[in-house]
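The values are calculated or read from the model by the stated rules, or taken from the named source; none is laboratory data. On a predicted model such as this, the values are computed, not experimentally measured, just so you know. Quick reminder, even Gly has a Cβ in these numbers, built from the backbone with ideal geometry, and neighbours come from all protein chains shown.
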Amino acid sequence: MDRIYDVIIAGAGPAGLTAGIYAARADLKTLLIERYGAGGQILNTYEVDNYPAMPGITGAELGEKMSAHLDKFGVERVMAEITDIKFKEGENAVVTDAGTFTGKTVILATGNSPKKLGLPGEEELTGAGVSYCATCDGAFFRKRTVAVIGGGDVAVEDAIFLARGCEKVYLVHRRDELRAAKILQKALFALDNVEVMWNSIPKEIKGAEEGAVQGLVIEDVKSHESTVLDVAGVFIATGNTPNASYTDAIDKDEKGYIIADESCRTSVPGIFAAGDIRAKRLRQVSTAVADGANSVYSVQEYLI
């Protein structure tokens, strides 16, 4: 019985780290399983300017501070990748490539991953002009020219959002019509500083010597002619993939996100979902932190 944890937290992003802090303060026997290290997607954000009381902090610094805060409480941590979860009320087996761990409860905080395009320059310039979150990073491109890649609701919403502060926004879309909702299209086409590059696909993201984005190469799918857009930022909005492939036993929405209420309870008793893995409207550091706190409160109620 010594190996059974009160709660196993899967994921070390803001939601998982917050859950670990709250669980430790509640004197719960806790195990945090992390895949790549602490921080989650904020590690890909050069500067976080919308987290209260920490303006201008880098994503790496914020992740380090949250991780150090957790370590202050001596929470047990293991670096591993989850491959399966076998649900059994009170004895949930979390299977990883580093062994199997048993928890009375489990908080799933494994987040999601942006769909990457695999463009030359994309990986190297991520966090230095290449972004997958307009609401996170858009403020850093105020009065500058940027490009958004995509044609769905998220891409159009990002373009509209960016147009409020940017000098110009290019929307690069491979077809001659958008997939976004008509009401969003109407709002987009009413903006003078947005130009849609129809029938175009991105081919390369160019960077300056100092390691910042300076251009986006696009190709017309009909004429195959290439054009270089002079942009300081490239926002890739082709969707995200929830990191929940390790289980099919929990109710998910049509996109694969785990369905959980505001208390973070899922369809399986004793299993909770927090942060970007949870089906919800807004995915930000602040909402992930809130989920982390709520999930532990729900864990305590369940254990009682």
So for region 226-237 (the condition being in contact (Cβ under 8 Å) with a residue 24 or more places away in the chain, in a loop (DSSP other than H, G, I, E, B) and in contact with a helix residue (DSSP H, G or I) (Cβ under 7 Å, 6 or more places away or on another chain)), does at least one residue qualify? yes
Residue that is surrounded by the most Cβ atoms within 10 Å (Cβ to Cβ), among those in region 251-262 that are touching a residue at least 24 places away in the same chain (Cβ under 8 Å) and under 17 Å from Leu282 (Cβ atoms): Ile258
With the requirement that a residue be hydrophobic (A, V, I, L, M, F, W, C), more than 25 Å from Ala249 (Cβ to Cβ) and within 22 Å of the chain's Cα centre (by Cα), what does region 46-78 give you? Val48, Ala53, Met54, Ile57, Ala60, Leu62, Met66, Ala68, Leu70
Exclusive hit being loosely packed, with under 15 Cβ neighbours inside 10 Å, small (Gly, Ala, Ser) and under 18 Å from Gln300 (Cβ atoms), set Gly90, Gly74, Gly37: Gly90
Filter region 202-225 for residues that are in a loop (DSSP other than H, G, I, E, B) and free of Cβ contacts under 8 Å to residues at least 40 places away in the same chain and give the result. Ala208, Glu209, Glu210, Lys222, Ser223, His224, Glu225
Given the conditions (1) touching a residue at least 40 places away in the same chain (Cβ under 8 Å); (2) assigned to a loop (DSSP other than H, G, I, E, B), every one holds for Phe101 apart from (2)
Filter region 167-201 for residues that are assigned to a strand (DSSP E or B), closer than 12 Å to Val156 by Cα and out of contact with any Lys or Arg (no Cβ under 8 Å at 6 or more places or on another chain) and give the result. Val169, Tyr170, Leu171, Val172, Val196
Which condition from (1) assigned to a helix (DSSP H, G or I); (2) surrounded by fewer than 17 Cβ atoms within 10 Å (Cβ to Cβ); (3) charged (D, E, K, R) is the one that Asp248 breaks? (1)
Scan region 228-279 for residues that are at pLDDT below 95, more than 23 Å from Pro14 (Cα to Cα) and within 19 Å of the chain's Cα centre (by Cα) and jot them down. Thr238, Glu254
